[in-house]
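Here's the structure, in structure tokens; my notes come after.
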Amino acid sequence: MPHIAKRLVIDTDVAIAAGDELPHDSRPKICKDFLIAVFESKHTVVITSAIYTEWQNHPTKFLTRWLASMYKKGKVYEVDAATNYRLRNRLTVVATGDVKRAAMLKDAHLIEAAFQADRIVISMDETVRHCFHNAAIHVFVLKQITWVNPCKDDENAIEWLERGAEREQERCLGYSKDT
């Protein structure tokens, strides 16, 4: 059965890391390989004005070429992800501490964009992932978000992508083996 193309929200940390050349850090190669796999797959990348601005503020040669190639191939899904004030207010209420609140509000645009697409976020930011995971106990809509870190070996992100980037319960925010 053929896979349905998914629309992926890719965080700036992955996009920028793919263009870095750091001799003692495997993340740039992993992120680059992941973005190349996205390009070679049927999947598309979600672009909002906030995401585009972040990417433009940290340009790399690889990212510029990759994004241009994605546009040329028709693999960019542009959305108008308006600020979801209800979501942001809920995150503010459930956050335990100013640092967690700031982290979630800074990256809330990823969640907002994901809700305009296929509810998939690709990010290396484990701190904010953990914050959103904990918030999902009270903000139930977060449980619909699949969060994948291409740099975590046990997540096998490229294999998951090649299998169709399907929603898998253990990849969703708020997932607990106990539930």
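Computed from the coordinates by the stated procedures, all read-outs in this text should not be read as laboratory data. Quick caveat: nothing in here was measured; it's all calculated off a predicted structure. Here the Cβ positions follow ideal geometry from the backbone for every residue, glycine too, while neighbour counts run over all protein chains shown.
Geometric descriptor of the chain, per residue, is 125 Å³ (volume of the convex hull of the Cα atoms).
Amide H to amide H, with H built 1.01 Å from N, Thr44 comes under 5 Å of Lys6, Arg7, Leu8, counting only residues 5 or more places away or on other chains. Residues whose amide H lies under 5 Å from that of Glu78, counting only those 5 or more places away or on a different chain, are Ile47; hydrogens are built 1.01 Å from N in the peptide plane. Residue-wise HN-Hα couplings along region 13-20, as the Karplus relation 6.51 cos²θ - 1.76 cosθ + 1.60 with θ = phi - 60° gives them from phi, are 4, 6, 4, 6, 4, 4, x, 7 Hz; Gly and Pro carry x.
The value of relative contact order for region 7-171, using C-alpha pairs under 8 Å at least six residues apart, is 27 percent.
Applying the criteria of a DSSP loop state and at most 12 other Cβ atoms within 10 Å to the GluC sites (Glu not before Pro) of region 19-95 yields Glu21. Sorted fewest first by neighbouring Cβ atoms within 10 angstrom, Phe132, Phe34 come out as Phe34, Phe132.
Binning the alpha carbon pair distances of region 3-93 at 10 angstrom intervals from zero yields the distribution 16, 44, 27, 13, 0, expressed in whole percent.
With neighbour counts taken as other beta-carbon atoms within 10 Å, the residues Tyr52, Tyr77 rank, fewest first, as Tyr52, Tyr77. Residues Ile145, Ile16 in ascending order of nearby Cβ atoms (within 10 Å, fewest first): Ile16, Ile145.
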